[in-house]
Amino acid sequence: MANSENIYAPGTDGGSHPALASSAAGPEPISYAVIIPVYNHGGTLAKVIDEVLAKLPEATVFVVNDGSTDSTTTVLQGLESQYPSGPTCPLCILHHRQNQGKGAALLTGFAAAHRAGCTHAITIDSDGQHLVSDIFRLIQISQLFPDDLIIGDRQMDFADVPKRSKRGRDMSRFWMLLQTGQDVPDTQCGLRIYPLKHTLTLTHIFRRFDFETETLVRHAWAGLQVRSAPITCIYFTAENRITHFRPLRDTLRGVRLNVMLTTWRIINPMPCRKCRVSHAIPKVSWRSWSSWRFWKRQLGLSQCDALADAMLSTAVGVGVLIAVLPLYGIQTVLAIYTARRLHINIPVTLLATQISLPPFIPLLIFMNIQIGTLILHDRFLSPEFMDHQQLSWHGIFATYLGPMMLGGLACGLALGTAAVLITRALLGRMHRKLTVAPAAVPLESLAVHAEMQ
């Protein structure tokens with residue numbers, strides 16, 4: 001599993017921050033804009049804007065009203081009268097006539113901030129679930145790494161957050177690691193700092209909630225690091241929270257996004273050509289393959305957590321899928337390529353492909369042909385059915401090759417999924433045995449376990 005390069009910085013108290021206007025980290029001074037997308041949050045918007053303007057007086061605040069239908073427009077009109085207009089006005093309000101999605105609102109704010117001469121955009125939600133003072137944690141890291149995208153890491157373990165929200169965060173973290181090789185603890189946090197010169201260069205397809213996940217992946221594909229800073233997790237109860245998340249529709253959009261990004265990652269060697277930042281890629285020495293420590297790490301024995309189990313199980317599933325596909329002769333090359341593209345375990349992926357060893361190949365071919373024939377003709381292949389087929393290239397393809405390829409894909413997906421579930425269960429059971437109470441374990445076993453950790 002790839003190592004995380006996220007850098008955490010200690011927080012600061014609220015108040016004006018002298019680093020908002022410039023920085024010595026690079027040749028170009030850093031100037032920040034604050035982007036606040038809003039859709040039907042009239043009850044909390046004014047408080048968020050007032051606090052942002054009070055604690056970040058050097059930054060220009062861009063509020064993007066994304067077609068709100070509640071009291072948001074009236075609240076914004078009151079704020080416009082409160083803060084004088086002019087070229088030095090700290091508040092700029094933009095409007096979408098119709099709701100276009102959070103991603104579209106952010107892109108509108110990014111473009112306006114870039115035209116105003118800002119180099120970085122701080123995004124914060126308008127529902128009051130972020131502390132404005134936490135912005136300074138992100139700014140500290142942004143000053144050190146001005147080219148990177150900085151995102152907040154909500155400390156959910158210290159707040160009363162439903163388990164389904166934590167599971168959603170962990171699932172999104174897994175897909176981010178699979179698609180980019182970067183371990184981002186919280187990919188769903190809306191408190192971020194974007195480097196505008198890179199963000200506006202990237203091509204984004206999605207414009208709603210899925211934009212925030214897509215842009216993380218595309219920044220990582222462009223060679224940028226996504227760095228995290230711990231922030232306070234504020235979770236309102238259901239009666240006090242206004243959410244526009246639609247479980248069925250937005251979940252399907254998330255599935256569509258991850259399928260597209262994962263597929264694009266596999267088939268395209270360079271997914272982001274427009275924005276490339278040179279960075280050193282650590283290389284693994286071939287000599288390390290002979291060490292037990294290397295194999296402990298590769299086999300997942302050095303990390304006993306759900307993310308490591310998920311990545312290792314995925315390697316097994318991908319290996320089984322490739323082994324079942326009727327691509328004999330190139331399966332090893334395909335397994336290495338796919339494992340490298342998806343940042344999963346290469347040795348484990350290759351090991352899983354060994355189910356297609358010569359003794360099992362005839363059985364796999366027979367299974368693929370039968371399943372493919374069942375899908376195409378609603379019946380299994382029988383001698384009577386074969387007698388009616390002509391021995392021509394068209395007949396051979398229709399009778400054998402076509403069903404074998406279709407059946408191989410169907411069987412590969414089914415067996416690969418089963419391999420993922422079985423491997424995940426076995427790893428979980430093994431790790432539970434490794435983490436038993438110390439009083440019940442001999443001292444020699446504790447020493448071995450400590451070494452494995």
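The values are calculated or read from the model by the stated rules, or taken from the named source; none is laboratory data. From a predicted model like this one, the values you see are computed outputs, not experimental measurements. We place every Cβ from the backbone using ideal geometry, glycine too, and count neighbours over all the protein chains shown.
Residues that are at pLDDT below 70 and surrounded by fewer than 13 Cβ atoms within 10 Å (Cβ to Cβ), at least 2 per element: which helices (runs of 4 or more DSSP H) completely within the stretch 342-453 meet that?
Result: 383-387, 393-396, 443-452.
Are there any pairs, at least 6 apart or on different chains, whose C-beta atoms fall under 8 Å, with the first in the stretch 367-379 and within 21 Å of Leu321 (Cβ to Cβ) and the second exposed (fewer than 13 other Cβ atoms within 10 Å of the Cβ), and if so, which?
Between residues of the stretch 367-379 that are within 21 Å of Leu321 (Cβ to Cβ) and residues that are exposed (fewer than 13 other Cβ atoms within 10 Å of the Cβ), the close pairs are Gln370/Phe380; Thr373/Arg379; Thr373/Phe380; Leu374/Phe380.
Show the residue pairs that are 6+ apart or on different chains and have beta-carbon atoms under 6 Å apart, the first residue being within the stretch 328-345 and among the small types (Gly, Ala, Ser), the second being assigned to a loop (DSSP other than H, G, I, E, B).
Sorted first by the residue in the stretch 328-345, then by its partner, the list stays empty.
If Gln129 passes every condition in (1) within 25 Å of Pro230 (Cβ to Cβ); (2) not in a loop (DSSP other than H, G, I, E, B) but one, which one does it miss?
Failing condition for Gln129: (2).
Is it true that Arg249 is assigned to a helix (DSSP H, G or I) and at pLDDT 80 or above?
So Arg249 does not fit the description; no.
So which residues in the stretch 92-107 are surrounded by fewer than 21 Cβ atoms within 10 Å (Cβ to Cβ) and within 18 Å of Ser31 (Cα to Cα)?
Cys92
Which one of Cys92, Cys118 is within 18 Å of Pro57 (Cβ to Cβ) and free of Cβ contacts under 8 Å to residues at least 60 places away in the same chain?
Values: Cys118 fails: free of Cβ contacts under 8 Å to residues at least 60 places away in the same chain.
Only one candidate qualifies: Cys92.
Considering each residue of the stretch 198-220, count those that are more than 10 Å from the chain's Cα centre (by Cα) and in contact (Cβ under 8 Å) with a residue 60 or more places away in the chain, and give that number.
Looking only at that region, the number is 14.
Only one residue in Leu106, Leu138, Leu94 is touching a Pro at 6+ places or on another chain (Cβ under 7 Å) and under 30 Å from Asp153 (Cβ atoms), so which one is that?
Details: Leu138 fails: touching a Pro at 6+ places or on another chain (Cβ under 7 Å); Leu94 fails: touching a Pro at 6+ places or on another chain (Cβ under 7 Å).
Of the residues listed, the single one that is touching a Pro at 6+ places or on another chain (Cβ under 7 Å) and under 30 Å from Asp153 (Cβ atoms) is Leu106.
Filter the stretch 27-45 down to the residues that are more than 28 Å from the chain's Cα centre (by Cα) and farther than 21 Å from Gly101 by Cα, then identify the one that is surrounded by the fewest Cβ atoms within 10 Å (Cβ to Cβ).
Applying the filter and picking the extreme gives Pro27.
(1) closer than 17 Å to Phe209 by Cβ; (2) modelled with pLDDT of 90 or more: which one isn't true of Ala112, the others all being true?
All conditions are met except number (1).
Could you figure out which of (1) in contact (Cβ under 8 Å) with a residue 60 or more places away in the chain; (2) under 15 Å from Ala59 (Cβ atoms); (3) in a loop (DSSP other than H, G, I, E, B) isn't true of Pro146?
The number of the failed condition is (2).
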